[in-house]
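> Can you keep this structure in mind? I'll have questions shortly.
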Amino acid sequence: FMQHLYLFLLKPTQHMWRWVFREFRGCALREGLSPLRCSKCGAPKLQREYSQANAWSQRKGPVTWATFGITVLAGSGLVYYVNTRRKEKEELRMKNRSKSVGKADLGGPFHLTNHHGDECSDKDYLGKWLMIYFGFTFCPDICPEELEKLTTVLTRLDEMKEKSSLPQLEAVFISVDPDRDTPEIMKNYLKDFHPRIVGLTGTHEQLHEVTRAYRVYCSPSPKDEDGDYLVDHTIIMYLVAPDGSFVNYYGQNRTVDEMVNSVVFNMKKYQ
């Protein structure tokens, strides 16, 4: 019995059917019974079932190693394509969301005159990093302090540029006092600051266009007995990318280190 059990469990299927048929036939003969036969062909029923099982085990199915491999490759390619397209759509969605939500809609074209008396527009700075500051030369304290901060930022970035591949940062000082800030006055005023800071002035209409594009508030105060006045204005510097898009802004409370780190970060991110 143990030997038959071993054959039943461990041997291939054809051995199992052979043993079942032999044992059943032996038992039937010992008991005086005749084996069951098929009503159609007359063969013993167990022998017929064994023959069918043996034929089924040797029959080749429709799936071969070749078709299986092709199916796996095709399925893998389809999954890769779907995942790639899904990733591209997600990146595009996040990029559009960053443009519409993460950044303010600031900036735009301008047409002014620099402190050399030459016409200057936003197109002259395409392909360059640009820092923009709005102020006026008759400002007693805030504008000189902010321009001194900008000078330090430019100097620090120039020092870092010698050791790395950072692009050069340009800077412009746009006047909000066109009546007094002529090109000559701005040229003399900017001698005390970084030589790369360019003064820009223009007509009231031209300055209104650029201040509106950057949402800069400016309003002159009433004149005193001597005809002097101050101009209340937004104290912010604007960082513009080489493609002319607004990148970041820096208020009066931002330190030189914070501005330098932010500019470097955005330059590397843009590359």
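> Considering only protein heavy atoms and a probe of 1.4 Å, how much of the accessible area of segment 139-219 is carbon and sulfur, as a whole percent? Intermediate values should be presented prior to the final figure.
On the way: 2060 of 4080 Å².
Using a 1.4 Å probe with all protein chains present, segment 139-219 comes out at 51 percent carbon and sulfur.
> Also, quick follow-up: Could you give each residue of segment 149-163 its phi-based ³J(HN,Hα) in whole Hz, using Karplus coefficients 6.51, -1.76, 1.60 with θ = phi - 60°, and x for Gly or Pro?
Coupling constants for segment 149-163: 5, 4, 4, 5, 4, 4, 5, 4, 5, 5, 5, 6, 5, 5, 9 Hz.
> LEU126 label point, 7 Å along Cα→Cβ, cut-off 20 Å on backbone N: hits in segment 238-263?
Inside the label zone: 239-247.
> Pull out the extension gain between ALA213 and VAL256, defined as 0.36 nm times the separation in residues minus the alpha carbon to alpha carbon distance; nm, one decimal. Could the numbers behind the result be given before it?
Working: separation 43, 0.36 × 43 = 15.48 nm, distance 2.57 nm.
Answer, rounded to one decimal: 12.9 nm.
> Name the long-range amide H neighbours of PHE110: under 5 Å, sequence gap of 5 or more, or other chain; modelled H, no Pro or chain starts.
Here ASP122, LYS123 satisfy the definition.
> What residues qualify as long-range amide H neighbours of GLY244, i.e. H under 5 Å apart, gap of 5 or more or another chain, H built at 1.01 Å from N?
For GLY244, the qualifying residues are GLY127.
> Same structure again: Looking at segment 148-250, which GluC sites (Glu not before Pro) are DSSP coil and have at most 14 other C-beta atoms within 10 Å of their C-beta? If you can, show how the numbers build up before the last one.
Values: sites: GLU148, GLU159, GLU162, GLU170, GLU184, GLU205, GLU209, GLU225; in loops: GLU225.
Within segment 148-250, the qualifying GluC sites (Glu not before Pro) (loop, at most 14 other Cβ atoms within 10 Å) are GLU225.
> Once the piece of chain linking GLN168 and ARG86 is laid out straight, how much longer is it, given 0.36 nm per residue of separation minus the C-alpha distance between them? If you can, show how the numbers build up before the last one.
Values: separation 82, 0.36 × 82 = 29.52 nm, distance 3.76 nm.
Result: 25.8 nm gained on full extension.
> List every residue whose amide H lies under 5 Å from the amide H of GLY199, counting only residues 5 or more places away in sequence or on a different chain, with H placed 1.01 Å from N in the peptide plane.
Residues meeting the amide H criterion: HIS115, PHE173.
> Here's another thing I want to ask about it. Any idea how far the Cα center of segment 186-230 sits from the one of segment 103-168, in Å?
The distance from the Cα centre of segment 186-230 to that of segment 103-168 comes to 14 Å.
The values are calculated or read from the model by the stated rules, or taken from the named source; none is laboratory data. Predicted, not measured: the structure shown is a model, and the values here were computed from it. Because the Cβ atoms are built from the backbone with ideal geometry, glycine has one as well, and the counts that use them run over all protein chains shown. Surface areas here come from the heavy atoms of the whole protein model, side chains and all, with no ligands, DNA or RNA. Shrake-Rupley method; radii C 1.70, N 1.55, O 1.52, S 1.80 Å.
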